[in-house]
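The values are calculated or read from the model by the stated rules, or taken from the named source; none is laboratory data. Source: prediction; values computed, not measured. Cβ sites come from the backbone with ideal geometry, for glycine too, and all protein chains shown count toward neighbours. Surface areas here come from the heavy atoms of the whole protein model, side chains and all, with no ligands, DNA or RNA. Shrake-Rupley method; radii C 1.70, N 1.55, O 1.52, S 1.80 Å.
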Amino acid sequence: MSSETTLPTTGTIAGDGTSNGLSKRTLGVPALVFMIIAASAPLTVVAGGIPSNFAVTGNVGIPLSFIVLGVCLVLFAVGYAAMSAHIRNAGAFYAYIAQGLGRATGVGAAWVALISYNAMQIGIYGLFGFAASSFINGKFGLNLPWWVTALVGFVIVGWLGINKVDLSAKIIGVLVGLEFVAVIIFDIVSFAVSPEGVSGAGLAPSNLFTAGVGAALAFSMAAFMGFESAAIYSEEAKDPTRSIARATYIAVGVISLFYAFSGWAMTIGTGPGQIIGEAQKFGPDLLFVFLSGHGAVIVSDIAQVLFITSLLAALIAFHNAVARYVFSLGRESVLPRGFARVNARHAPVAGSLTQSVLALVMLAVFALAGIGSALGELYPVLTFFTWLTNTAAFGLVLLLVLISIAVIGYFRKHGSGYSLWTRVIAPALATLTLGTVFVLIVVNFNVLIGSEGFSPLSWILPALVVVPGVAGLLWGLRLKRDRPDIYRGIGFGGAPDPNQEP
């Protein structure tokens, strides 16, 4: 693969990422926080994830799980945020691991990240299509298949992906704000109803740490996916030295506390003694059924519309993440340099279009495969959404563990001015805790994908993440042997490491 050193210094192929790369000084801390929270999709988690967790695990302590995981991720964020002051690369995970654990490992991590973020983004189309078509069909008496509404979302996401990132951020900011309003209304109504009184059962450690705690934590971890995405926008942040760290801490705190409180409110509104049975009965409709029964149909309808826009915001956020990974890898010639192409709006147009094409292909595959499925209307949720998003969670938690280790490796060489807590203790604790969560995901993967007992998908889906990671590692080693000029720039935005380490 050619390093193409004859490319012009200006134009549409990003070279050094300065004059002709992504938009500079575009996103402030609030915009970054909204992008992060949009990826975690607050209303989607509260309406879909939390009831599903109650239903599948039978664990009343689900609200407390968000606090436990929040502590784990704060430990992770200590070293992650410290590294963000030094590394500004749209490849984020890829760059961090390359500089902390070696370039070849970084390439392997990049391929894991590409698979994982793509799986998360594309899988969400399944739930988006189902939710949008169900709502429209119910209100207007139509019979739209799920893939029609999914295609409408696809067009919106694809169009925003090739525009300036601040346009996406503004739209996402509005959508996320409305999501919070909807969930807060649900929380208030829940405490007002409280059929069994206000109880601390949902936050009691004795209710969480039971036989089902492993599956409960694995389920809840998916709610945080996307929290790490601030670093992906480091080249577009107004003050990358400070804003990435601040946005990450704020997002982790808001996500964990908000989900814990809303999950607790759900137990209060339904009753701790009834929450499991009601969740198993209604699933993701529990929140809307509750609002219809204790508020007004119009309130429930508005919440359902916001549920759909919540999914749209998540689609936009993960699409942007994938596009920037592709851009970063193209800029460093790990992928062909054409993937680093940006347009006049400084959007990573090649990465965006690549992600859109892949999403369209997968939409077509699952739409065709679902014709006549015995699963009926739930087909895109039980297959497309469930399989791909849990595969993504598997890959992203694996990357979190690797980054925790990479922080220690990085600060062995660049630790001047940082405390032992930042350099070693916090990332070591993050490695231990997140490693435990990763093991729980592996052990409970059949539960996460809705399979009773062993299923070939329990190892096929994780292999879709692991095998490309190993292939990426081998590709990195080949670059080291055959193209040392490219290898030296891996994880450094295409510029050689100033320390020139092998």
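Give me the residue from the stretch 157-196 that is outside any helix (DSSP H, G or I) and at pLDDT below 90 and, out of that set, most open to solvent (accessible area, probe 1.4 Å).
Lys164
Inside the stretch 318-361, can you point out the residues that are part of a loop (DSSP other than H, G, I, E, B), open to solvent by 40 Å² or more (accessible area, probe 1.4 Å) and either hydrophobic (A, V, I, L, M, F, W, C) or touching a Lys or Arg at 6+ places or on another chain (Cβ under 9 Å) (or both)?
Ala344, Arg345, His346
Exactly one of (1) open to solvent by 60 Å² or more (accessible area, probe 1.4 Å); (2) modelled with pLDDT under 95; (3) β-branched (Val, Ile, Thr) is unmet by Val467. Its number?
The failed condition is (2).
Filter the stretch 285-298 for residues that are open to solvent by 60 Å² or more (accessible area, probe 1.4 Å) and within 26 Å of the chain's Cα centre (by Cα) and give the result.
Answer for the stretch 285-298, where residues must be open to solvent by 60 Å² or more (accessible area, probe 1.4 Å) and within 26 Å of the chain's Cα centre (by Cα): just Asp285.
Return yes when Val305 is in contact with a Phe, Trp or Tyr (Cβ under 9 Å, 6 or more places away or on another chain), β-branched (Val, Ile, Thr), buried (at least 24 other Cβ atoms within 10 Å of the Cβ) and assigned to a helix (DSSP H, G or I) and no when it is not.
So Val305 fails the test.
Which one of the conditions (1) farther than 17 Å from Glu179 by Cα; (2) at pLDDT 90 or above; (3) not aromatic (Phe, Trp, Tyr) does Gly263 fail to meet, given that it meets all the rest?
So Gly263 meets the others, but not (1).
State whether one or more residues within the stretch 134-142 are buried (at least 23 other Cβ atoms within 10 Å of the Cβ), over 20 Å from Ser229 (Cα atoms) and in contact (Cβ under 8 Å) with a residue 12 or more places away in the chain.
no
Among the listed residues Ser310, Ser234, identify the single one that is crowded, with 22+ Cβ neighbours inside 10 Å and within 30 Å of Asn446 (Cα to Cα).
Unique residue meeting the criteria: Ser310.
Which residues, counting only those in the stretch 418-454, are more than 18 Å from Phe66 (Cβ to Cβ), of a type in the set (A, V, I, L, M) and assigned to a helix (DSSP H, G or I)?
Leu420, Val424, Ile425, Ala426, Ala428, Leu429, Leu432, Val439, Val442, Val443, Val447
Which residue pairs have Cβ atoms under 9 Å apart, sit 6 or more places apart or on different chains, and have a first residue in the stretch 449-474 that is acidic (Asp, Glu) and a second that is open to solvent by less than 60 Å² (accessible area, probe 1.4 Å)?
The qualifying pairs are Glu452/Asn446.
Identify, from the list Gly253, Gly273, the residue that is farther than 24 Å from Ala131 by Cβ and in a loop (DSSP other than H, G, I, E, B).
Sole residue among the options that is farther than 24 Å from Ala131 by Cβ and in a loop (DSSP other than H, G, I, E, B): Gly273.
Filtering the stretch 257-282 down to residues that are under 24 Å from the mean Cα position of the chain (by Cα) and open to solvent by 10 Å² or more (accessible area, probe 1.4 Å), which residue is farthest from Ile87 (Cα to Cα)?
Trp264
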